Amino acid sequence: DAAADSKVLNNVLPAKPKPFDPANATDLYTNTLLNVAYEGLFQYKYLTDTYELEPLLADGMPVVSEDGLSYTFKIRRDARFYDPQKRVFPDGRGRLVTAKDFEFVVKRLADPAVKSGGWWLFAGFIKGLDEWAAAMKAGTATYDTPVEGLRAADDQTLVVTLVKPYPQILYAFAMGFTFAYPRELVDAFYANILHEALG
């Protein structure tokens, strides 16, 4: 349409998307929207005919240990969250994306209470994560409880240690399940639900 605003992206969705939570974005239509609104560590190169990854929020490809069990990811220093409705970040311009955001995202996939459709990506692979999930179910762990194989060494460094080789992990970090979102968003969302439920 020649009269359409050139800054508007129109997408046809033949089915209603699911609730907009990356941890449970298991269908094509929800993922179509997720890929517009969220970003992950990696994305697929658009102009190749192979499944080749390139960094997106990662600052380059990870450093992998010789035994293939340790991955060190660097996070870009210029990526920020954006909140045009100012519901989480009052000025609309959110904080920088950090390694802790990806630690949180992976923990949410493992959290039994979330019932994530993406937990299969990491189940049995990250050192200590299955044990953390069991402790969450038992009520003896929180999101602040450390996981040995999932550690934000600093704001820009995420270290993932595996129990067995899993070269597909890079492709897992290109999926909507692992796209970055701030913990503040989840906390605010559930706080609003609780407030509405209590009147």
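The values are calculated or read from the model by the stated rules, or taken from the named source; none is laboratory data. In this text the structure is predicted, and so the values were computed from the model without any measurement. Don't worry about glycine lacking a Cβ; one is built from the backbone with ideal geometry, like all the others, and counts go over all protein chains shown. Ligands, DNA and RNA are excluded from the accessible area calculation, which covers all protein heavy atoms including side chains. Shrake-Rupley method; radii C 1.70, N 1.55, O 1.52, S 1.80 Å.
Couple of notes before you dig in:
- Surface composition of the chain: carbon plus sulfur atoms hold 55% of the accessible area, using a 1.4 angstrom probe and ignoring ligands, DNA and RNA.
- Each of Tyr51, Trp120, Leu96 was scored by the projection of its Cα onto the charge dipole of segment 38-124, and the greatest displacement toward the positive side belongs to Leu96; charges sit on the C-beta of Lys, Arg, Asp and Glu.
- Among Thr145, Thr50, Thr30: highest mean-square fluctuation, GNM of the chain, C-alpha pairs under 10 Å: Thr50
- Convex hull of alpha carbon positions in segment 45-120: directionally averaged projected area 8.0 nm².
- Figure note: Lys127, Lys115 ranked by solvent-accessible area, largest first, 1.4 Å probe, ligands and nucleic acids not counted: Lys115, Lys127.
- Computed accessible area, Phe179, all protein chains, 1.4 angstrom probe, square angstrom: 10 Å²
- Ranked order, Val186, Val160, Val64 - accessible area, probe 1.4 Å, largest first: Val64, Val186, Val160
- Dipole check for the chain: with +1 at the C-beta of Lys and Arg, -1 at the C-beta of Asp and Glu, and the Cα centre as origin, the magnitude is about 280 Debye.
- Measuring only protein heavy atoms, the 1.4 Å probe finds Thr72 accessible over about 40 Å².
- Annotation for segment 1-110: GluC sites (Glu not before Pro) lying in DSSP loop with at most 11 further Cβ atoms inside 10 Å of their Cβ are Glu52, Glu66.
- Proximal aspartates and glutamates to Lys45, defined as alpha-carbon separation beneath 20 angstrom and excluding residues fewer than eight positions away on the same chain: Glu54, Asp59
- Choice from Arg108, Arg183, Arg93 with maximal GNM fluctuation in the chain (Cα, 10 Å cutoff): Arg93
- 29 Å tail of the calculated P(r), segment 40-199, as % of Cα pairs: 21 percent
- Hydrodynamic radius of segment 1-101 per Kirkwood, over alpha carbon pairs, in Å: 16.7 Å
- Accessible area (Å², 1.4 Å probe, nearest 10) - Asp91: 110 Å²
- Segment Thr48..Asn11, full-extension length gain: 11.0 nm, with 0.36 nm per residue of separation and the alpha-carbon distance subtracted.
- Ranking by accessible area, most exposed first, for Phe173, Phe81 with a 1.4 Å probe: Phe81, Phe173
- Distance violations [Cα-Cα > 31 Å] among Lys18/Lys100; Lys86/Lys164; Lys7/Lys107: Lys86/Lys164; Lys7/Lys107
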